[in-house]
Amino acid sequence: MRGLGSRDVVVLSTFFRDQEQGRGVTPREVAQVLSRASPVPVWSCWTIYLPFGVVGGYMLDPRKVGEQGARLLDLTWRGVLPAERLHPSASGGYYADYRVLRRFGLELHQWPADTRVVGRPPSFYERHRPVLLGAGAVVLLLLGVIVLLAAALRAKNRTLTQRRQMEKLQEEIRAVQEETIDLLGEAIEGRSRETANHVRRVAETAAFLGRGLGLPEQEVLLLRRVAPLHDVGKIAVPDAILCKPGRLDPQEFEQVKRHAALGEELLSRSPRESLSAAAIIAGQHHERWDGAGYPRGLREEEIHLYGRIVAVADVFDALANRRCYKEAWPISRVVESFRDERGRQFDPLLVDLLLEGMEEVLSIQARFPDR
């Protein structure tokens with residue numbers, strides 16, 4: 001088998017005995033020995049060889065085949081003509097060993113949709129379920145606190161003599177809202193294996209650009225507060241696509257593109273100023289200055305200023321830091337990319353502000369490194 005070429009195919013059918021040594025062998029031993037020796041994937045038609053090194057294929061379950069055969073034999077033995085016949089589809093299906101697929105560079109999306117995969121590592125959610133559930137409980141608790149504090153505020157408003165207490169409660173509510181937004185942004189980015197500091201860097205960079213444009217400080221603070229929610233729509237994108245360590249195929253990219261519209265729809269349900277601003281950012285931070293972006297194909301100043309600002313901050317951070325599908329780019333390459341995309345993907349004025357303030361932008365990167 002070691003002499004096989006890349007165009008050869010190996011199918012393991014049935015093998016129970018080593019004739020030269022006169023001994024029986026187990027399915028595990030057969031599959032492991034042959035798969036280790038073979039330079040190409042070993043396919044099989046029996047599930048007993050999973051997961052011992054075969055790649056899979058259309059496989060039958062011997063137990064199910066045996067049970068079906070026993071029923072037919074019992075009917076025949078009792079002189080009853082069986083109304084059924086042995087059909088592979090009744091006891092078989094497509095199987096694949098995830099580790100063998102990775103070993104030979106095979107793509108699971110090329111297999112039938114109903115393929116059962118064995119050996120797949122647990123998803124981010126499965127590995128961190130207790131933490132995520134705990135974070136969800138904390139968010140719910142914080143929302144409960146917000147409701148309680150809001151109720152307390154309504155009561156305190158009835159009397160002017162307690163104005164100081166009312167102002168303190170208002171400040172606490174703002175703090176809780178900001179913490180809730182940060183927690184939600186961190187949880188969403190964590191699903192795609194990006195660190196919590198990604199949303200912090202994007203928020204700080206967006207605030208820096210807004211301040212450079214001369215926006216009022218209140219708008220700068222609003223921009224920094226809601227920028228972490230720019231990718232909230234990713235909550236509807238499957239983990240297998242978010243965490244894919246390579247280029248997405250067209251169908252997968254279309255699923256990812258939906259996150260912009262989904263995020264805008266989710267956030268626009270609230271009449272609050274902060275969430276209305278967050279909805280604009282979520283829906284427009286993938287639009288392009290030249291009109292080639294998504295989801296609406298807006299161009300130039302049709303794109304809200306908040307969306308243009310966060311687009312620059314988000315792409316800079318994505319290029320300058322490692323992602324599951326790429327390594328971090330050198331800063332010189334990032335700068336060259338923004339010069340090339342000035343007036344194409346990005347607002348020219350914002351690109352100029354970014355490049356002129358590169359020292360401050362890199363300082364933000366240093367203050368919030370990936371962990």
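The values are calculated or read from the model by the stated rules, or taken from the named source; none is laboratory data. Small disclaimer: the values here were computed from a predicted structure and weren't measured. Reconstructed Cβ throughout: ideal geometry from the backbone, glycine too, with neighbour counts over all protein chains shown. Accessible surface is based on the protein model in full, side chains and every heavy atom, while ligands, DNA and RNA are left aside. Shrake-Rupley method; radii C 1.70, N 1.55, O 1.52, S 1.80 Å.
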* Can you run down the residue pairs with Cβ atoms below 6 Å, 6 or more apart or on separate chains, where the first is in segment 230-247 and over 17 Å from Ala318 (Cα atoms) and the partner is assigned to a loop (DSSP other than H, G, I, E, B) and not acidic (Asp, Glu)? => Asp239/Ser123
* Pairs with Cβ under 7 Å, 6+ apart, first in segment 289-302 and in contact (Cβ under 8 Å) with a residue 12 or more places away in the chain and more than 18 Å from Glu264 (Cβ to Cβ), second acidic (Asp, Glu) and crowded, with 18+ Cβ neighbours inside 10 Å -> Trp289/Asp347
* To do: May I ask you to verify whether Ala279 is within 21 Å of Leu354 (Cβ to Cβ) and modelled with pLDDT of 85 or more?
  => no
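Every residue, every condition in (1) modelled with pLDDT under 85; (2) hydrophobic (A, V, I, L, M, F, W, C); (3) in a helix (DSSP H, G or I), yes or no:
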residue: Tyr94; (1), (2), (3): no, no, no
residue: Leu133; (1), (2), (3): yes, yes, yes
residue: Leu143; (1), (2), (3): no, yes, yes
residue: Leu153; (1), (2), (3): yes, yes, yes
residue: Gln162; (1), (2), (3): yes, no, yes
* Restricting attention to segment 109-152, which residues are in contact with a strand residue (DSSP E or B) (Cβ under 7 Å, 6 or more places away or on another chain) and open to solvent by 60 Å² or more (accessible area, probe 1.4 Å)? -> Asp114, Arg116
* open to solvent by less than 40 Å² (accessible area, probe 1.4 Å), modelled with pLDDT of 95 or more and assigned to a loop (DSSP other than H, G, I, E, B) - does that describe any residue in segment 345-362? -> yes
* Based on what the data block shows, is Ala277 open to solvent by less than 30 Å² (accessible area, probe 1.4 Å), touching a strand residue (DSSP E or B) at 6+ places or on another chain (Cβ under 9 Å) and of a type in the set (Gly, Ala, Ser)? -> no
* Restricting attention to segment 190-247, which residues are at pLDDT 85 or above, surrounded by fewer than 20 Cβ atoms within 10 Å (Cβ to Cβ) and not in a helix (DSSP H, G or I)? -> Leu213, Gly214, Leu215, Pro216
* **Residue count for segment 33-70, restricted to those that are buried (at least 17 other Cβ atoms within 10 Å of the Cβ), among the aromatic types (Phe, Trp, Tyr) and within 33 Å of the chain's Cα centre (by Cα)** => 3
* Please go through segment 328-344 and pick out each residue that is open to solvent by 50 Å² or more (accessible area, probe 1.4 Å), of a type outside the set (Ser, Thr, Tyr) and in a helix (DSSP H, G or I). => Ile331, Arg333, Glu336, Arg339, Asp340
* Among what's in segment 69-91 and is touching a Leu at 6+ places or on another chain (Cβ under 9 Å) and modelled with pLDDT under 80, pick the residue that is farthest from Gly56 (Cα to Cα). => Leu81
* Asked: If Ser270 passes every condition in (1) part of a loop (DSSP other than H, G, I, E, B); (2) open to solvent by 50 Å² or more (accessible area, probe 1.4 Å); (3) over 27 Å from Arg342 (Cβ atoms) but one, which one does it miss?
  -> (2)
* To do: Scan segment 290-327 for residues that are over 20 Å from the mean Cα position of the chain (by Cα), among the basic types (Lys, Arg) and not in a loop (DSSP other than H, G, I, E, B) and report the count.
  => 1
* Asked: If you check Leu106, Leu73, which single one turns out to be touching a residue at least 60 places away in the same chain (Cβ under 8 Å) and open to solvent by 40 Å² or more (accessible area, probe 1.4 Å)?
  -> Leu106
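Among Lys257, Lys234, which is the only one that is out of contact with any Pro (no Cβ under 7 Å at 6 or more places or on another chain) and of a type in the set (D, E, K, R)?
Working: Lys257 fails: out of contact with any Pro (no Cβ under 7 Å at 6 or more places or on another chain).
Exactly one of Lys257, Lys234 is out of contact with any Pro (no Cβ under 7 Å at 6 or more places or on another chain) and of a type in the set (D, E, K, R), namely Lys234.
What residue, among those in segment 309-327 that are over 18 Å from Glu204 (Cβ atoms) and not acidic (Asp, Glu), is least open to solvent (accessible area, probe 1.4 Å)? Steps first, answer last, please.
If we filter segment 309-327 for residues that are over 18 Å from Glu204 (Cβ atoms), which is where we start, we get 322-327.
Subset that is not acidic (Asp, Glu): 322-326.
Numbers: Arg322: 140, Arg323: 10, Cys324: 30, Tyr325: 118, Lys326: 38 Å².
Of everything passing the filter in segment 309-327, Arg323 is least open to solvent (accessible area, probe 1.4 Å).
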